[in-house]
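Data first, discussion second: the structure below is written as structure tokens.
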Amino acid sequence: MKLIEITKGNWLKIVFLTTNENGGATITEKFGASNALSIVQSVFETWWITKGIQLGANLVGFTMYGYCEDLSK
């Protein structure tokens, strides 16, 4: 398993990954915000880092992490 960059070639697959039991990607996922919302958030709140999670040849997840020194943001 490894973290990978989100690129023009994989961003749409990452957006459509879902935790919803019915397999439908939505803005409010069962276990948190959608990947699409998180990716957009990282554009405007630049301290966030977004990555895809790959297992072998399969894209299996998404993660977002970061650190903001200014806690007033």
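Since every read-out is calculated from the coordinates, none of them should be taken as a lab result. Being a predicted model, the structure only gives us computed values, none of them experimental. Every residue, glycine as well, gets a Cβ built from its backbone with ideal geometry; the counts of neighbours run over all protein chains shown.
When the residues of the stretch 42-55 are narrowed to those that are surrounded by 14 or more Cβ atoms within 10 Å (Cβ to Cβ) and not aromatic (Phe, Trp, Tyr), which ends up nearest to Cys68 (Cα to Cα)? Can you show your working first?
In the first step, residues of the stretch 42-55 are kept if they are surrounded by 14 or more Cβ atoms within 10 Å (Cβ to Cβ); the result is 42, 48, 50-54.
Checking which are not aromatic (Phe, Trp, Tyr) leaves us with 42, 50-54.
Working: Ser42: 12, Thr50: 15, Lys51: 18, Gly52: 21, Ile53: 23, Gln54: 26 Å.
Applying the filter and picking the extreme gives Ser42.
Taking the stretch 53-73, which residues are farther than 24 Å from Lys2 by Cα and free of Cβ contacts under 8 Å to residues at least 24 places away in the same chain?
At the first step, the residues of the stretch 53-73 found to be farther than 24 Å from Lys2 by Cα are 68-73.
Listed by number, the residues that qualify are Cys68, Glu69, Asp70, Leu71, Ser72.
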Looking for whichever is outside any loop (DSSP other than H, G, I, E, B), out of contact with any helix residue (DSSP H, G or I) (no Cβ under 7 Å at 6 or more places or on another chain), exposed (fewer than 11 other Cβ atoms within 10 Å of the Cβ) and without any contact (Cβ under 8 Å) to a residue 12 or more places away in the chain here; the options are Leu37, Leu12. Which one fits?
Leu12
